[in-house]
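Enquirer: Okay, here's the structure, questions in a sec.
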Amino acid sequence: MKFKKIIQVFPQVLKTHSEKFELEDLQDLDQVLAALDTQTEGELVNLLKNWFQNHTKVTETIRKFAQTTQELKKSPEPPPNSEASILQNLFELRETLKETIKAKTNQDKSQQ
């Protein structure tokens, strides 16, 4: 699965299957995405590619979801050199990630 597609799909996977992700992994990703405001797109893509290589369980979850969900199979491939859409997807991912981390943190507190 191509990196652009992973970034496009990840927010939806987080919204619908957040239980499949460890809080620590999400917090680690949040630290990487904090660089959105200071890094170039190329630097961000490299940081995220490294993150996904180090978090293979997350990547596999996204792949399984994308392969089994008809809506996502029908979603258009991002055009080449679609820098704006990559950044837009990263900002969407960051917002979804923050919401998911907050929900998981509150859930962990209520279980203690």
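Enquirer: Which pairs do you get when a residue that is closer than 14 Å to Val9 by Cβ, found in segment 89-110, comes within reach of a residue that is open to solvent by 80 Å² or more (accessible area, probe 1.4 Å), reach meaning Cβ atoms under 7 angstrom, with the pair 6+ apart or on two chains?
Expert: What qualifies is Thr96/Lys15.
Enquirer: To continue, here is another question. Does segment 41-50 contain at least one residue that is closer than 16 Å to Lys2 by Cα, open to solvent by 30 Å² or more (accessible area, probe 1.4 Å), charged (D, E, K, R) and assigned to a helix (DSSP H, G or I)? Walk me through it before giving the result.
Expert: At the first step, the residues of segment 41-50 found to be closer than 16 Å to Lys2 by Cα are 42, 44-50.
Next cut, open to solvent by 30 Å² or more (accessible area, probe 1.4 Å) only: 42, 46-47, 49-50.
Filter once more, so that each one left must be charged (D, E, K, R): 49.
Those still in the list that are assigned to a helix (DSSP H, G or I) too: 49.
The answer is yes; a qualifying residue exists.
A quick yes/no check of all residues on (1) of a type in the set (A, V, I, L, M, F, W, C); (2) modelled with pLDDT under 90:
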{"position": "Pro11", "(1), (2)": "no, no"}
{"position": "Leu23", "(1), (2)": "yes, no"}
{"position": "Leu29", "(1), (2)": "yes, no"}
{"position": "Leu36", "(1), (2)": "yes, yes"}
{"position": "Asn46", "(1), (2)": "no, no"}
{"position": "Gln67", "(1), (2)": "no, yes"}
{"position": "Pro79", "(1), (2)": "no, yes"}
{"position": "Ser82", "(1), (2)": "no, yes"}
{"position": "Arg94", "(1), (2)": "no, no"}
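Enquirer: So, of the residues in segment 14-40 that are more than 24 Å from Phe65 (Cβ to Cβ) and among the small types (Gly, Ala, Ser), which turns out to be surrounded by the most Cβ atoms within 10 Å (Cβ to Cβ)? Quick ask: steps written out before the conclusion?
Expert: Going through segment 14-40, the residues more than 24 Å from Phe65 (Cβ to Cβ) turn out to be 34-35, 37-40.
Subsequent filtering for residues that are among the small types (Gly, Ala, Ser) retains 34-35.
On the way: Ala34: 11, Ala35: 14.
Looking at residues that are more than 24 Å from Phe65 (Cβ to Cβ) and among the small types (Gly, Ala, Ser), I get Ala35.
The values are calculated or read from the model by the stated rules, or taken from the named source; none is laboratory data. Since the model is a prediction, treat every value here as computed from it, not as a measurement. Cβ sites come from the backbone with ideal geometry, for glycine too, and all protein chains shown count toward neighbours. These area figures cover heavy atoms from the full protein model, side chains too; ligands, DNA and RNA do not enter into them. Shrake-Rupley method; radii C 1.70, N 1.55, O 1.52, S 1.80 Å.
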